[in-house]
């Protein structure tokens, strides 16, 4: 506790010091800007009258007010007023003002500069406040979307399991064996779905934390793709086509990450392409990069959604119940953690094509004939 | 013959209950411990035929228990761990675990692992012929037949297949296989293993893309079945 407090105090001090440094920096820049523009005005004095010099300095102060805090801007305002008076208003090199016009010019100058500094500062504060509020609202909206889809995704299988257990445990009327079996199957499906979603959430938190330690090893990409396909629910399995290229060399990759990324795309394809659509998977290695493409001959993805589908929690409208919008964002996160790229486009012939490209070392060992 | 005895060490009551029901119905004499300390004590006093050990216990680290057990306990230990923890699994296998299961596991899988693990400790005599599906490996004659036909293998291919087959049903880690076949210097050269397994599968598997005999345990090793 004591230590936390200490760190807190230390941090506060760091923040104060930091702000202090920032003010000094802004002050320096402001003073410098005023001096430089004054010198420039002085050098071109022959072409400028006092009014023009005043406007020029006002421009400098106004510009500073847009980006800097109030204190340095006020300093700049007063400094420029003094310079204007001392160097440009007759009599020169004194702070005396003789004629009324110059006196008026000087007082208007200083009031406008101060009012401008204060107003701009207030406007900036307002803007920041509304930006913060917007940001907060956006976070809340995102959070609500997440909660809605998540609670649906988690509670549906839980409801199924509890309901089925209740039915099997204390149904008033005896349930025939085939129906008992059906209930057990429903429970199995629900539990698997729950397990998949929990896995998704854990993966998402890995992506969010950015805490990746790649565990690369030599992998057989064909084997990895086949093992990915085998995890697809049986009713979709025959729609997936993969013709392995026997010449594909061993590549150094993090198998766990890539398999999860690929599975997310395949799972998505199984779920959102029409039932008669086929999904082709292809893998090739060129110039240090492994490219895996997943193409389907379904209906494609509406253009306006194409650029958003890797965003977290993004789901296409009317994409049915179930799904959290996490899968593809996990795929993106994992591929990028591997310094690779993921993209999607619609095919001319219809359907969508996903592509993953990954930088990977290649093994010189292709076959060891004999020893 | 007396019932084989098993010790379950797991801190989660529902998992203990699930394991107890399955194992006692399968004819095992079951004892249970909820902590590492209790597990070590019961293992010493009952000398069970095998131990089912959860790696995530509240009091002592599972790997530590494993090491302590292996100082005197020579029978079967199967570890239970959570998903996606290949490093833990490999460490556990290196620390002397005979096999592993990840939670959530299927009961059928659990029983199969236990059967093959206990069969090992039971048979003192080395197996001479391994038969599975339509494949027959004669370890004395050093021949491999698939569907009655003799398959030609290189000597390294044969050594790898024989090593896997002698440990039928058990997972062998990449490190272990590389060390046994190629030697200590090759322990991290998994590329050799990948190439040879691919070649072997082409020769002995009915469908090399969906292997039935040499199964990949992703990130851990291979299992023959």
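Among the residues making up the stretch A:357-371, those that are more than 7 Å from chain B (Cβ to nearest Cβ) and either at pLDDT 85 or above or over 14 Å from residue B:194 (Cβ atoms) (or both) are A:357, A:358, A:359, A:360, A:361, A:362, A:369.
Please indicate, with yes or no, whether at least one residue in the stretch A:323-346 is part of a loop (DSSP other than H, G, I, E, B), within 14 Å of chain B (Cβ to nearest Cβ) and surrounded by 14 or more Cβ atoms within 10 Å (Cβ to Cβ). Within the stretch A:323-346 (the criterion being part of a loop (DSSP other than H, G, I, E, B), within 14 Å of chain B (Cβ to nearest Cβ) and surrounded by 14 or more Cβ atoms within 10 Å (Cβ to Cβ)), the answer is no, since none of the residues qualifies.
Scan the stretch A:133-144 and tell me whether some residue there is surrounded by 11 or more Cβ atoms within 10 Å (Cβ to Cβ) and at pLDDT 85 or above. Within the stretch A:133-144, not a single residue is surrounded by 11 or more Cβ atoms within 10 Å (Cβ to Cβ) and at pLDDT 85 or above.
Is it the case that some residue within the stretch B:16-25 is more than 18 Å from residue B:101 (Cα to Cα) and touching a helix residue (DSSP H, G or I) at 6+ places or on another chain (Cβ under 8 Å)? There is no residue in the stretch B:16-25 that is more than 18 Å from residue B:101 (Cα to Cα) and touching a helix residue (DSSP H, G or I) at 6+ places or on another chain (Cβ under 8 Å). Scanning the stretch A:312-333 for residues that are at pLDDT 85 or above and farther than 15 Å from residue A:271 by Cα yields A:329, A:330, A:331, A:332, A:333. For the stretch A:64-90, enumerate the residues that are within 41 Å of the chain's Cα centre (by Cα), in a helix (DSSP H, G or I) and in contact (Cβ under 8 Å) with a residue 12 or more places away in the chain. Across the stretch A:64-90, the qualifying residues are A:64, A:65, A:66, A:70, A:71, A:72, A:73, A:74, A:75, A:76, A:77. When residues in the stretch B:182-203 are screened for being away from chain A (no Cβ under 11 Å), on the phi < 0 side of the Ramachandran plot and within 22 Å of the chain's Cα centre (by Cα), 3 of them pass. Residues in the stretch B:112-122 include none that are more than 14 Å from chain A (Cβ to nearest Cβ), free of Cβ contacts under 8 Å to residues at least 40 places away in the same chain and in contact with a helix residue (DSSP H, G or I) (Cβ under 6 Å, 6 or more places away or on another chain).
Scanning the stretch A:165-188 for residues that are away from every other protein chain (no Cβ under 14 Å), surrounded by 14 or more Cβ atoms within 10 Å (Cβ to Cβ) and within 30 Å of residue A:327 (Cα to Cα) yields a total of 2. For residue A:167, state whether it is over 30 Å from residue A:66 (Cα atoms), assigned to a helix (DSSP H, G or I) and modelled with pLDDT under 85. No. For residue A:149, the conditions (1) modelled with pLDDT under 80; (2) surrounded by fewer than 16 Cβ atoms within 10 Å (Cβ to Cβ) are fulfilled apart from (2).
The values are calculated or read from the model by the stated rules, or taken from the named source; none is laboratory data. If you're wondering where the values come from, they're calculated on a predicted model, not measured in any experiment. In this analysis, Cβ positions are derived from the backbone assuming ideal geometry, glycine residues included, and neighbour counts consider all displayed protein chains.
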